[in-house]
């Protein structure tokens with residue numbers, strides 16, 4: 001497998017407000033005395049008009065999901081992996097699969113670039129960040145800095161590739177008695193030119209520390225919002241890596257997952273003018289966004305400066321929100337490298353072929369940890385990080 005072949009992983013109506021105030025005129029308790037001049041009635045105050053609804057543009061999703069600046073794209077993985085064998089590989093036949101390039105979703109799962117354990121053996125990145133949100137299953141990480149980790153089930157890894165890193169992302173099937181479903185989002189977030197060549201860095205946001213907000217509407221229906229980046233109601237998640245575009249408050253980067261009960265209502269709060277906002281509906285029958293129905297498998301691009309009322313359909317609905325101020329710089333990408341010019345892409349390939357961005361300290365291109373090893377991270381400086 002060519003380690004540079006990583007790219008295959010990814011690619012109302014307004015309510016009328018006026019004319020509803022009617023003055024009650026019948027049944028006055030005290031009539032004015034004879035000859036007295038009646039006083040003028042005080043008119044009832046007009047109701048405040050509702051806030052304007054944002055514009056909403058709906059388009060179907062491709063593979064990968066299309067995103068707006070400052071994001072590059074998003075990939076949603078859902079794999080119904082079977083039981084794992086002694087190697088934490090699928091305890092199932094691999095016949096009919098193109099091993100090393102298996103994106104078939106045959107029987108509900110793919111091997112991707114893995115040949116024993118599913119996943120993505122070592123491959124390089126330069127010039128952007130990956131934000132990997134695990135929802136079920138496990139991911140084993142190893143990189144060219146000597147760092148390693150296992151995470152899953154709600155944990156988030158935020159990796160700044162910067163000037164260049166090589167890493168592996170494998171999906172060990174740890175359960176030998178039951179199926180091993182895997183679900184994750186991998187979001188590519190661009191870096192501004194000034195930070196394209198910073199030192200690589202990764203950070204774990206363990207699920208125990210990721211904020212979960214629950215909002216109950218007037219009918220008692222609940223909306224759950226998990227915030228990976230971006231404050232909500234004054235509560236901020238863990239800080240992103242220091243060189244991330246999201247580290248700037250002015251960037252207003254938000255990465256949220258929304259889970260609405262059937263019929264639930266909740267309103268997305270507004271952001272500043274100029275901020276991009278897109279909502280990716282991936283589960284349920286429909287989500288009404290500011291009066292516009294959005295079916296699963298579609299993206300709604302929303303004017304972020306106005307509140308956006310959301311109403312779930314007859315089924316539970318889930319969506320991913322990606323928001324941020326555009327970086328507004330040229331984007332030139334090829335495979336696993338994202339830079340500003342074609343010359344910088346050529347230099348990235350030359351640098352990688354020369355020294356592999358520092359080499360690969362692991363005995364395998366697709367390292368996995370022992371089955372019994374629980375969630376952890378060891379950083380390049382040797383510091384160990386475990387969930388609280």
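The values are calculated or read from the model by the stated rules, or taken from the named source; none is laboratory data. The structure presented is a predicted model; accordingly, all values stated were derived computationally and were not measured. Neighbour counts run over all protein chains shown; Cβ positions are idealised from the backbone, glycine included.
I'd like to verify a number: residues in region 163-192 that are out of contact with any strand residue (DSSP E or B) (no Cβ under 6 Å at 6 or more places or on another chain) and crowded, with 22+ Cβ neighbours inside 10 Å, how many? The number of residues fulfilling the criteria is 0. Checked against (1) surrounded by fewer than 17 Cβ atoms within 10 Å (Cβ to Cβ); (2) in contact with a helix residue (DSSP H, G or I) (Cβ under 7 Å, 6 or more places away or on another chain), residue 212 meets all criteria but (2). Per the listing 348, 366, 314, the residue uniquely within 29 Å of the chain's Cα centre (by Cα) and either closer than 30 Å to residue 216 by Cα or modelled with pLDDT under 95 (or both) is 314. In region 194-207 there is no residue matching the filter, namely being within 14 Å of the chain's Cα centre (by Cα), closer than 26 Å to residue 282 by Cα and surrounded by fewer than 21 Cβ atoms within 10 Å (Cβ to Cβ). Quick one: count up the residues across region 346-361 that are crowded, with 16+ Cβ neighbours inside 10 Å and within 28 Å of residue 116 (Cβ to Cβ). Residues in region 346-361 being crowded, with 16+ Cβ neighbours inside 10 Å and within 28 Å of residue 116 (Cβ to Cβ): 3 in total.
Once region 299-308 is narrowed to residues that are touching a strand residue (DSSP E or B) at 6+ places or on another chain (Cβ under 7 Å) and assigned to a loop (DSSP other than H, G, I, E, B), the residue that is farthest from residue 184 (Cα to Cα) is 307.
Being closer than 26 Å to residue 154 by Cβ, assigned to a loop (DSSP other than H, G, I, E, B) and modelled with pLDDT of 95 or more narrows it down to one residue among 296, 270; which is it? Sole residue among the options that is closer than 26 Å to residue 154 by Cβ, assigned to a loop (DSSP other than H, G, I, E, B) and modelled with pLDDT of 95 or more: 296. When the strands (runs of 3 or more DSSP E) confined to region 39-143 are screened for residues that are surrounded by 12 or more Cβ atoms within 10 Å (Cβ to Cβ) and either touching a helix residue (DSSP H, G or I) at 6+ places or on another chain (Cβ under 6 Å) or not assigned by TED's automatic domain parsing to the domain that holds residue 244 (or both), those reaching at least 2 such residues are found at 71-81, 119-125, 128-136, 138-143. Within region 262-281, residues that are in the same structural domain as residue 294 (by TED's automatic domain parsing) have Cβ atoms under 9 Å from residues that are crowded, with 20+ Cβ neighbours inside 10 Å and modelled with pLDDT under 95 in these pairs: 268/54; 270/54; 277/54, counting only partners at least 6 apart in sequence or on another chain.
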